[in-house]
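Engineer: Below: one structure in structure tokens.
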Amino acid sequence: MLPSQVEIEAADTRAREWHWPERGALPVGSDAHRDAACRMFRDTFNPYKPSVIDWPKLDPDALQRLTSLPIWDIAVSTENKASARMLRYGESTADPTWREAIGQNGWEEQRHREVLSHLVTSYGIPLAPEASDTPPADREWGYLVTGFSECIDSFFAFGLFELARRSGYFPAELVETFEPVIQEEARHILLFANWLAWHRKRLGPWQRLRFELRVAQAWIFLAYERIGLAKDIDGGGKQAPDNNFTLTGGQALSDRDLSPFGLMAICLSENDRRFAGYDTRLLRPTTTPALARLAVRIGRLLKRA
């Protein structure tokens, strides 16, 4: 039986608003910090089912705009890879609380893939054959790259989704249908940001140094990937798939000349809005928003000059 509209709205509200019931600080690295982050993830779970999503019928122009977006192959592939890497790392995690939360995160990534699969099937979007993927043997490395990649992509997806809504690029019905998936990405990167801070705090000095070097390595890898220089993991010399739509899609989704700085300003506003309902004692992802704020400031200075 399909859920009622009241049930759908209640689940949507629970997915966006959450507060840890205990008062006082949540010291980073403490058991309370871990418990709050993982309980947030569990309590805000949205039980929608991809198989029963009622995809709205689109007129020919809207359908053409949707099917022409160059994102569907990489989107499906990315969700599949993210799920595998999160599940693998979750299985290897000694702490049972984090193991459960990260495992749920991996399951939700697989659900995102199912949502996208149903979407492309419903609208007749052709996909290239999906290449087989071998997760890296180093499970921590796979989780770090996946988590930071999600932090980057989700930040820009928030802004692009809002831009599509404002411009009417997608019909309002389709935007509303896909909305829970976008908000779910905010939960995912909120969990990752708090795991990262908690994990760092629990390491000894030498372990921490090694870990920070790995974090730097992951950011360098992702920077190279975003500018098209990272190679496939098999070393075959092929270019990595195009992961840059989140950085270049503003022009595709807007009928006006939107500068990269203008897109970043929208992304920053949406990023703040997406996280506003969660307990402020939980840490937010900071690196991508900080870089975007710096870019916006530089853009404003250049415009004045």
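Engineer: Note the full-extension length gain between Asp61 and Gln217 as 0.36 nm times their separation in residues minus their Cα-Cα distance, in nm to one decimal. Spell out each step's value before the answer.
Structural biologist: On the way: separation 156, 0.36 × 156 = 56.16 nm, distance 4.37 nm.
Difference between extended and current length: 51.8 nm.
Engineer: Moving on. Modelled label-to-label distance, Ala32 and Leu294, 7 Å Cα→beta-carbon offset: nm?
Structural biologist: Placing both labels 7 Å along Cα→Cβ, they lie 3.4 nm apart.
Engineer: May I pose another question? For the stretch 161-201, just say rounded, prolate or oblate: build the C-alpha gyration tensor, square-root its eigenvalues into a ≥ b ≥ c, call rounded for a/c under 1.5, and beyond that prolate if a/b exceeds b/c, oblate if not.
Structural biologist: prolate
Engineer: Mind counting lysine pairs for me in the chain? Cα separation below 25 Å, and the two need to be 8 or more apart along the chain or on different chains. Present the calculation step by step, with values, prior to reporting the outcome.
Structural biologist: Working: Lys49/Lys57; Lys49/Lys81; Lys81/Lys231; Lys81/Lys238.
Here the count comes out as 4.
Engineer: Let me ask something else. So for the stretch 29-304, averaging the separation of alpha carbon pairs under 8 Å that are six or more residues apart and normalising by length, what relative contact order in percent results? Don't jump to the answer; show the numbers that get you there.
Structural biologist: On the way: 262 pairs, mean separation 67.5, N = 276.
Relative contact order of the stretch 29-304: 24 percent.
Engineer: Output the Cα-based Rg and Dmax of the stretch 29-304 in Å, rounding Rg to one decimal and Dmax to a whole number.
Structural biologist: Values for the stretch 29-304 (Cα only, Rg and Dmax): 18.8, 60 Å.
Engineer: While we're here: Please give the calculated 222 nm ellipticity per residue for the chain, where each DSSP H segment of at least 4 residues contributes -39500 (n - 2.57) and the sum is spread over every residue; nearest 500 deg cm²/dmol?
Structural biologist: Values: 12 runs with 205 residues, N = 305.
Dividing the helical sum by the residues of the chain leaves -22500 deg cm²/dmol.
Engineer: What's log10 of I(q)/I(0) for the stretch 1-156 at q = 0.17, 0.19 Å⁻¹, Debye sum over Cα points only, no solvent?
Structural biologist: -1.20, -1.34
Engineer: Near Arg202, within a Cβ-to-Cβ distance under 13 Å, what is the net charge of the other residues, with Lys and Arg +1 and Asp and Glu -1? Working shown, then result.
Structural biologist: On the way: positive: Arg34, Arg200, Lys201, Arg208; negative: Asp31, Asp95.
Once all neighbours under 13 Å are counted, the net charge is +2.
Engineer: Another question about this same structure. Name the residue from Pro129, His188, Thr280 whose Cα lies farthest towards the positive end of the charge dipole of the chain, charges +1 on Cβ of Lys and Arg and -1 on Cβ of Asp and Glu.
Structural biologist: Value: Thr280.
Engineer: Return the long-range amide H neighbours of Tyr278 (sequence gap of 5 or more, or a different chain), with a cut-off of under 5 Å between placed amide H atoms.
Structural biologist: Trp18
Engineer: Further question: Label Lys49 and Ala131 with points 7 Å out from Cα along Cα→Cβ: what is the distance between them in nm?
Structural biologist: Each label point is offset 7 Å from its Cα along the Cβ direction, giving 3.6 nm.
Engineer: Tell me, what HN-Hα J-couplings in whole Hz come from the Karplus equation 6.51 cos²θ - 1.76 cosθ + 1.60 at θ = phi - 60° for each residue of the stretch 10-23, using x for Gly and Pro?
Structural biologist: The phi angles translate into 5, 5, 5, 5, 4, 6, 10, 10, 7, 9, 5, x, 8, 7 Hz.
Each value in this text was obtained by applying a stated rule to the coordinates, not by laboratory testing. All figures in this text were calculated on a predicted structure; none of them were measured in a lab. Heads up, the Cβs are rebuilt from the backbone with ideal geometry, glycines too, and the neighbour counts pull from every protein chain shown.
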